[in-house]
Amino acid sequence: MFTSTPARLLICSVLLLLFVVQAKTYGQQSTKMGEVRFTADNQDERDSGVWIDGKYAGYVKELKGDRKVMLPPGEHEFVIRQAGYKDLTKKIVVDPDQIQTIAVVLEENPKLTYPGSDAAEFRLDIQPKRAAVFVDDSYMGHGGDFGGHFHSMLVSPGKHRLKVTLDGYQTYEKEIDAVASNKSQMKIVLEKGGNATPGQ
């Protein structure tokens, strides 16, 4: 017995629709993410940088709303850094459609030495301001910590390596010569897919 052309078309359409619905459902199931949130009690902890699986994600107080942390299911490593404190490392198993919270409680680093009274002062205008700033591979803070009239970075006299990095942008690196008790300004603009541009 042969099926008429309209009937064949109807059967094919129904089968195609079922296939699309199944594929869409599978896609939704396989991409369900879990959310990780942060709590912090003081300003230093709220300004701490967050690395997830080795990549810089931003600083604690900004990782919400449009920048909330959504991750695929499985184990993820979080490293939270702040100048003057020991790194906080946490491993979290993320479950789909679940919210987990990391309490950011940092311990001061007793081995850290601070610049003396003859420290050089650098005022940095960094774009984007959320980029992570390192001096000699030590995390100093995010770009917004070192600009404007009331924020700057103190560095002991001598030569140092400055690095500014943000995922999706070209890393900026430069050797700086910190002159005792000297004040200077720098503008650093990270370019997406290009080289970071140092200013004068």
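Structure notes:
- Amide H contacts for R123 (H built 1.01 Å from N in the peptide plane; partners 5 or more residues away or on another chain; cut-off under 5 Å): M153, S184, Q185, M186.
- Chain lengthening between E173 and V189 when straightened (0.36 nm per residue, less Cα-Cα): 4.6 nm
- Listed pairs K64/K174; K68/K183; K61/K91; K91/K129 exceeding 29 Å between Cα atoms: K64/K174; K68/K183
- R46-S117 FRET efficiency (beta carbon distance; Förster radius 22 Å; 0.05 resolution): 0.15
- For I102, the residues whose amide H sits under 5 Å from its own are R37, F38, T39, ignoring neighbours fewer than 5 places away on the same chain, with H placed 1.01 Å from N.
- Charge tally in the Cβ shell below 14 Å around H76, where Lys, Arg are +1 and Asp, Glu are -1, H76 excluded: -1
- Note on H76, H142: ascending count of other Cβ atoms within 10 Å places them as H76, H142, the fewest first.
- Estimated from the Cβ-Cβ distance and a Förster radius of 35 angstrom, the FRET efficiency linking D136 and E35 is about 0.50.
- Our coupling estimate for region 53-65, obtained by passing each phi through the Karplus curve with A = 6.51, B = -1.76, C = 1.60 and θ = phi - 60°, is 6, x, 10, 5, 9, x, 10, 3, 6, 9, 7, 7, x Hz, Gly and Pro reported as x.
- Backbone phi angles across region 78-91, fed through the Karplus curve with coefficients 6.51, -1.76 and 1.60 (θ = phi - 60°), yield HN-Hα couplings of 10, 10, 10, 10, 8, 4, x, 10, 6, 4, 9, 10, 9, 10 Hz in residue order; Gly and Pro are listed as x.
- D66-K91 pseudo-label distance in nm [points 7 Å out on the Cα-to-Cβ vector]: 3.6 nm
- Using the Cβ-Cβ distance between K55 and S181 with R0 = 45 Å, the FRET efficiency computed as 1/(1 + (r/R0)^6) comes to roughly 0.75.
- Net charge of the neighbourhood of K91, taken over other residues with C-beta under 11 Å away and scored Lys/Arg +1, Asp/Glu -1, is -2.
Any read-out appearing in this document is the output of simple, stated calculations on the displayed coordinates, not a laboratory observation. The shown structure was predicted, so the numbers you read here are calculated from the model rather than taken from an experiment. Note that we place each Cβ from the backbone using ideal geometry, even for glycine, and neighbour counts take in every protein chain shown.
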